[in-house]
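Coordinate-derived values only; no laboratory data. This structure is a prediction, so every number in the text was calculated from the model and none was measured. We place every Cβ from the backbone using ideal geometry, glycine too, and count neighbours over all the protein chains shown.
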Amino acid sequence: MTSVGIDAIEVRTGKLRLDLAETFAPAQGEKPEKYTKGLGLYASSFPDVYEDIVTMGANAAHRLMDRKGLEPDDIGRIDVATESAFDNSKPVSTYIAGCLEQVYEDDFHHANKGERKFACISGTQSLDDAFNWIRAGRHRGRSAIVVATDTALYARDDPGEATQGAGAVAMLISEDPDLVELSTEQGYGSADETDFLKPQQQFPSVDGKRSVQVYLARMREAIEDYESVVGPIHPEDYALGPFHTPFPGMVRKAAALAFRHFTRDTEIEEQLAADIGRQPRREAFDSDDAFREAAGEYTDELTDTDRYREWYARCVDPTLELSREVGNWYTGSVHVARVSGLKAALENGENLTGGRMLVGSYGSGAQAEVHAETIQAGWAEEISALDLDEQLDARYDLSFAEYEDVHDVHNHDEDAGVTDVEGFTQPDAEFVFDGWGRMGERKYTYVE
């Protein structure tokens with residue numbers, strides 16, 4: 001059967017940068033280590049005044065199509081995943097298609113368009129939709145474009161403010177992909193939760209402590225469900241483990257629990273038993289609380305072992321490098337993690353062709369999905385074509401006062417405050433926000 005997967009990927013970061021240690025921490029009266037070590041974040045990306053989820057997504061998709069030599073007729077589906085939408089009816093994909101039609105001779109009138117919502121996991125769900133559409137034979141030889149685009153803003157002085165970020169990831173889903181082949185095996189963990197939500201509001205309501213607990217619980221369920229399909233997972237089975245990354249500190253917790261789970265009843269557990277003992281088993285304890293306490297103590301000791309540290313440094317830490325510099329992109333965060341891991345491998349001269357990644361996606365509310373991806377022969381060429389370093393280096397460094405203005409600019413509340421801020425950067429060969437239409441719609445144009 002013909003393989004289906006991600007043929008190419010493009011990333012577009014917001015053009016503005018907020019330094020958490022040098023700019024944000026002093027203004028908040030906090031030590032830089034609260035962010036750099038606790039959260040694992042150094043900086044956040046923000047959209048300039050003429051950028052938003054449409055421009056970032058359209059610019060990423062445009063570069064993707066140009067680089068792959070595609071025309072609108074080659075695309076049969078455009079799906080957008082976002083939790084930053086500004087319209088409850090018209091999908092962001094129609095705006096993005098409209099932007100692209102300004103620079104191509106043909107149109108996307110025969111492409112199916114939609115918008116997915118399930119917090120951060122909807123980017124992966126959109127990948128699943130495109131995969132299923134092709135595997136079902138409904139694509140007529142065409143490819144799909146999936147765009148995960150978000151401006152992840154919190155209310156000012158909210159505990160989550162330091163994790164903010166903005167950017168878009170555009171992915172081309174095709175037969176015989178050059179980057180990664182997607183698998184048919186998936187595992188899910190899902191429950192009705194209220195850890196993070198936006199009931200008719202732009203900025204989220206978050207129960208931070210519970211959100212971490214729900215993330216870990218759903219991810220554990222998804223791993224167990226995935227193993228029910230493919231069998232036990234061994235830590236050495238996968239070259240990289242990209243996880244949903246609201247901030248790297250949360251992934252550190254998830255990675256520790258995953259490694260503990262993966263090594264149970266393996267030679268690794270036996271090898272470590274002399275130093276830290278065997279893993280606690282529930283049947284040995286009188287209560288769930290006693291078991292959880294023992295498991296937590298074992299996990300703490302496990303993460304101090306050389307075996308764990310070597311695995312974490314090889315499989316997980318490389319996937320966090322980009323997140324440390326751009327913050328949380330909601331629907332795009334796990335896809336940024338994928339790019340980050342592959343980019344680090346390319347820079348280190350590693351040959352990952354044929355290797356596998358275990359990808360863990362998550363969305364509050366809450367659902368996790370785990371699946372494997374097989375790295376294809378063209379991965380290095382695809383990753384080397386990205387201009388991510390250039391984008392990151394070109395970002396404008398905001399002062400705290402400028403950050404406050406930018407935050408107000410992107411607040412959907414018309415009474416938020418500053419609305420006439422001049423752009424900090426100059427648009428160059430890209431789509432930009434160009435004001436409001438007669439029905440209150442946002443308008444866009446391409447600037448040469």
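Find out how many positive minus negative residues lie around residue 346, taking Lys and Arg as positive, Asp and Glu as negative, among other residues whose Cβ is under 11 Å from that of residue 346. Surrounding charge for residue 346 is -3.
Note on the chain: GNM, Cα springs under 10 Å; of 47, 159, 246, the largest mean-square fluctuation is that of 159. Remark: spin-label model distance residue 292-residue 34 equals 2.7 nm, labels positioned 7 Å along the Cα→Cβ axis.
D by Stokes-Einstein for the chain, Kirkwood Rh over Cα pairs, 37 °C, 0.692 mPa s: 146 µm²/s.
Taking the Cα centre of each part, how many Å lie between segment 378-448 and segment 1-67? If you average the Cα positions of each part, the centres end up 11 Å apart. Here the Karplus curve 6.51 cos²θ - 1.76 cosθ + 1.60, taken at θ = phi - 60°, turns the phi angles of segment 2-16 into couplings of 4, 6, 10, x, 8, 7, 7, 9, 9, 10, 10, 9, x, 7, 10 Hz, with x standing for Gly and Pro. As a length-normalised measure over Cα pairs under 8 Å and 6 or more apart, the relative contact order of segment 4-447 settles at 25 percent. Given R₀ = 56 Å, FRET efficiency for residue 1-residue 158 by Cβ-Cβ distance, to 0.05? E(calc), rounded to 0.05, equals 0.75. Comparing 429, 97, 168 in a Gaussian network model of the chain, where Cα atoms under 10 Å apart are tied by springs, the biggest mean-square fluctuation is seen for 429. Coupling constants for segment 188-200 follow from the phi torsions by the Karplus curve (6.51 cos²θ - 1.76 cosθ + 1.60, θ = phi - 60°), and in residue order they are 10, x, 9, 7, 6, 10, 10, 7, 7, 7, 9, x, 6 Hz; glycine and proline get x. Calculated mean residue ellipticity at 222 nm for the chain: -11000 deg cm²/dmol, from DSSP H runs with n ≥ 4 weighted as -39500 (n - 2.57), summed, divided by the residue count and rounded to 500.
Here each label is just a point 7 Å from Cα along the line to Cβ, and for residue 67 and residue 185 those points are 3.0 nm apart. Springs between alpha-carbon pairs under 10 angstrom, Gaussian network model over the chain: which of 229, 370, 146 fluctuates most? Greatest mean-square fluctuation among the candidates belongs to 229. Only aspartates and glutamates eight or more places from residue 15 in sequence, or on another chain, were considered; those with a Cα closer than 13 Å are 48, 51, 52, 325, 389, 390, 393, 397, 428, 430.
Footprinting exposure proxy ranking of 234, 109, 139, fewest other C-beta atoms within 10 angstrom first, gives 109, 234, 139. How large is ³J(HN,Hα) for each residue in segment 102-118, as worked out from phi by the Karplus curve 6.51 cos²θ - 1.76 cosθ + 1.60 (θ = phi - 60°), to whole Hz, x for Gly and Pro? Taking θ as phi minus 60°, the curve returns 6, 10, 10, 5, 8, 10, 10, 5, 9, 9, 6, 10, x, 9, 9, 9, 7 Hz for segment 102-118.
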